[in-house]
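One structure is given here, and the rest of the page talks about it.
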Amino acid sequence: MQPSRQHIHTEIIKVHPTQPEPSLIEHAARLLRAGELVVFPTETVYGLGADALQTAALERIFVAKGRPFSDPLIVHIADEASLERLTTFIPEQARRLASAFWPGPLTLILPRGPRVPHLATAGLETVAIRMPRHPVALALIRALGSPIAAPSANRFMHVSPTTAQHAYTDLAGRIPLILDSGPCEVGVESTVLNLRTEPPIILRPGGVSLEALRTVLPDVQPPRQQIANHADQMAHSETSAQPSPGQLLTHYAPAIPLLLYNGSVEAMRAAMLLEMKRRQEQGEFVGVLVADEDVATFQGSGALINTLGKADDPVQIATALFAGLRALEDAHVHVILCRNFGDHGLGLAIRDRLLKAAGGKIIDV
Ligand code: TXA
Ligand code: MG
């Protein structure tokens, strides 16, 4: 009898992050060629990769993640020439963005070329394409000789993995191989930019900031205001085409409730302390997700404190964000109280991910 695909052995192999060993990359490429899945590092988060041109392999991605087929995948390439084979038209804007930000954490939405399987694009006539800058990702795409379709390597509705261990926690027993090159540098996913609209609009803020994009295309628009209320969300999606499937706030259901505070630093701390005490009196174990500067406020309070870095350093905060959320989750806190970190640079992506973890609600204090 064939072993059930639900219980396959998952191997973790350490790969050098900057000089990947060719034999290990070839091992992974062979699996991909055979239609299997491989978890690999990118500079943003770990990806769950399949050969983008094999429909049966793509199907396995959705099964392994428990992800609905309505959520399209990003196709990863290693050179700009591959762009020609995946899309029917490359706007001048795409060329300029590619030369400024590729390889890197920017995903461009372009017209789908006929070779791209419908499963990769959820039936859309557009395709999401990005050239990652992680040497292991690039080496793997080159060794396969085909683009790699990859969502983040987490179970559907869970936080993206920034270490191989995170991916193992979510996908062990469902995939044959994880390439481990240590923690991801950026820590939040790529910026998804729609070039099919005029002006171009950010569908998901990510590793390339709005400010950076505007140095190349000054009219790039920030993501549309997100709507917390589900009814509003539905009404909204009826009046306008769904901009990016999978970007609905209800797409994310945090394992643990998260309350996101916004206001002056003093007001946020005071409101979080108050809520912490109220919860502790009810016997709850409270986790707080804060900046280094906030630690003194919560020390000795009985709350589990997770610090992400200096409040004014969004690059550092972004790198630590998902591991921080997972650490509090692993400690089985009942609730996570989290401060806002502003919206400059990567701050926009950080706030987007926290807002999703908070079910779209922000508590203004
Ligand atoms: O950094 C990243 O982007 C990581 C690494 C692995 O590259 N990947 C990632 O993939 O975050 P995933 O599947 O978790 O998120 C892809 C996002 C989804 O929000 C999806 O809706 C959007 O890209 N997307 C994909 N194709 C699209 C399309 N044709 N039109 C609009 N949005 C699209
Ligand atoms: Mg994802």
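Observations
- Per the listing 99, 23, 70, the residue uniquely surrounded by fewer than 15 Cβ atoms within 10 Å (Cβ to Cβ), within 18 Å of the chain's Cα centre (by Cα) and over 25 Å from residue 319 (Cβ atoms) is 70.
Quick grid of which residues meet (1) on the phi > 0 side of the Ramachandran plot; (2) in contact with a Phe, Trp or Tyr (Cβ under 6 Å, 6 or more places away or on another chain):
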residue	(1), (2)
126	no, no
129	no, no
139	no, no
143	no, no
153	no, yes
158	no, no
163	no, no
166	no, no
173	yes, no
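- Residue pairs meeting the criteria (Cβ under 6 Å; at least 6 apart or on separate chains; first farther than 12 Å from residue 22 by Cα, in region 131-142; second part of a loop (DSSP other than H, G, I, E, B) and among the hydroxyl-bearing types (Ser, Thr, Tyr)): 132/42; 134/42; 137/42
- Applying a threshold of 8 Å to beta carbon distances and a minimum spacing of six or more residues, or different chains, the list of pairs starting in region 314-342 at a residue that is closer than 9 Å to residue 287 by Cβ and ending at one that is assigned to a helix (DSSP H, G or I) and among the charged types (D, E, K, R) reads 334/279; 335/279; 337/275.
- Residue, nearest to ligand 1 (Cβ to nearest atom), within region 151-198, restricted to residues that are in contact with a helix residue (DSSP H, G or I) (Cβ under 9 Å, 6 or more places away or on another chain) and basic (Lys, Arg): 155
- Applying the set (1) of a type outside the set (Ser, Thr, Tyr); (2) buried (at least 21 other Cβ atoms within 10 Å of the Cβ); (3) within 16 Å of ligand 2 (Cβ to nearest atom) to residue 157 leaves exactly one unmet item: (2).
- Hey, residue 177 within 30 Å of residue 329 (Cα to Cα) and either open to solvent by 10 Å² or more (accessible area, probe 1.4 Å) or away from ligand 2 (no atom under 16 Å from the Cβ) (or both) or not: yes
- Residues that are open to solvent by less than 10 Å² (accessible area, probe 1.4 Å) and either in contact (Cβ under 8 Å) with a residue 40 or more places away in the chain or part of a loop (DSSP other than H, G, I, E, B) (or both), drawn from region 277-310: 286, 287, 288, 289, 290, 291, 294, 308, 309
- Members of region 355-365 found to be part of a helix (DSSP H, G or I) and surrounded by fewer than 21 Cβ atoms within 10 Å (Cβ to Cβ), listed by number: 355
The values are calculated or read from the model by the stated rules, or taken from the named source; none is laboratory data. Everything quoted here is computed from the prediction, not taken from an experiment. Virtual Cβ from ideal backbone geometry, glycine too; neighbours counted across all protein chains shown. Side chains included, ligands, DNA and RNA excluded: accessible areas come from the protein's heavy atoms. Shrake-Rupley method; radii C 1.70, N 1.55, O 1.52, S 1.80 Å.
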